[in-house]
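Visitor: I am attaching a structure below and will ask some questions about it afterwards.
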Amino acid sequence: MGRRVLPVVGAALGGLLIAAWSAIPAAAHVSVKADQAVAGGYAVLTFAVPHGCEGSPTTKIAIKIPESVTSTKPTVVADWQVEAPQVKLAQPQTDSHGNQITERVDQVIYTAETPLPDALRQTFEVQVKLPEDAAGTTLAFPVVQSCVQGETAWIQVAAAGENGEELEHPAPAIKIVAAEPDEVTAGSGTPGEPTQAAAAPVGWTGPAGLAAGVLGLVLGGIALARTRQRP
Ligand SMILES: [Cu+2]
């Protein structure tokens, strides 16, 4: 029995691993995640740069801030310069502190004092106030990554109805959810005040978790079969 089991198990294992592998998102691109993403609320976005341009070290990243975001505050990063050029708003607006604002941050640009090697990862946090009318939409933050040699424009946005998985250089994006009725009403939230449970990080659940579980089962089965065979 033992000799017939192994090839079958091997094949099943191989199939499961492939299934599990394709379920893990392509996390190795310039990406963004939010601590929370509630329409009208504040969010801290963490942009991650996990590699250079075709292996060349990163010297600068320029994050384009969507027009609908009128409050942006970059976090300082050691050994990186930060600039936040502003543009005029079409209409003056009132911020959550009652102040009138006529400009908004158009880009956040981080420039390295020492280029970031391809083998290292860097993250950049930017606090934004999300648009009140953006619930159910996906907000893209295109990023141009400059390197010692070349640059990569992470600016591709999926067309309506497309899932975006096949995009070569997808723009980092976050899904915005509606505020729960009992949460701080849109527009009056203060920065850093939690408005909703953190967005669920992608981890070893779903198909990947399943694969791990079945893997354990199969290996257990083999071990079991072996103990039975011993005199
Ligand atoms: Cu990548």
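Visitor: Among DSSP beta bridges whose residues both lie in segment 36-198, state the antiparallel percentage, nearest 5.
Guide: In segment 36-198, DSSP labels about 95 percent of beta bridges as antiparallel.
Visitor: Under 19 Å between alpha carbons, and skipping anything fewer than 8 positions from Lys60 in its own chain: which aspartates and glutamates qualify?
Guide: Asp79, Glu83, Asp106, Glu113, Asp118, Glu125, Glu151
Visitor: Toward the positive end of the charge dipole of segment 36-198, about the Cα centre and with charges on Cβ (Lys, Arg +1; Asp, Glu -1), which of Leu139, Ile176, Phe124 goes farthest?
Guide: Of the candidates, Phe124 comes out farthest on the positive side.
Visitor: Then there's this: Under Stokes-Einstein, with the Kirkwood radius over Cα pairs standing in for Rh, what whole-number D in µm²/s applies to segment 36-198 at 20 °C and 1.002 mPa s?
Guide: It comes out at roughly 127 µm²/s.
Visitor: Work out from phi, with θ = phi - 60° and the Karplus expression 6.51 cos²θ - 1.76 cosθ + 1.60, the ³J(HN,Hα) of each residue of segment 48-54, listed in order in whole Hz, and give x for Gly and Pro.
Guide: Those phi angles translate into 10, 10, x, 6, x, 9, 6 Hz.
Visitor: Would you calculate the separation in nanometres between label points at Glu180 and Leu120, each defined as 7 Å from the Cα along the Cα-to-beta-carbon direction?
Guide: 4.0 nm
Visitor: Now a separate question. Quick check on packing: order 133-139, 164-170, 97-103 by the mean number of other C-beta atoms within 10 Å, highest mean leading.
Guide: In descending order of packing, they fall as 133-139, 164-170, 97-103.
Visitor: At what distance in nm do the modelled label points of Ile155 and Ser96 sit from each other, each positioned 7 Å from its Cα along Cα→Cβ?
Guide: In this crude label model, Ile155 to Ser96 measures out at 3.1 nm.
Visitor: Rounded to whole Å, give me the distance from the Cα center of segment 28-85 to that of segment 139-164.
Guide: Distance between centres, Cα-based: 12 Å.
Visitor: Moving to a separate point now. How much accessible area per residue does segment 48-164 have, counting only protein heavy atoms and a probe of 1.4 Å, in square angstrom?
Guide: Result: 54 Å² per residue.
The values are calculated or read from the model by the stated rules, or taken from the named source; none is laboratory data. From a predicted model like this one, the values you see are computed outputs, not experimental measurements. All Cβ positions, glycine included, derive from the backbone under ideal geometry; neighbour counts span all protein chains shown. Note: areas computed on protein heavy atoms with side chains; ligands, DNA, RNA excluded. Shrake-Rupley method; radii C 1.70, N 1.55, O 1.52, S 1.80 Å.
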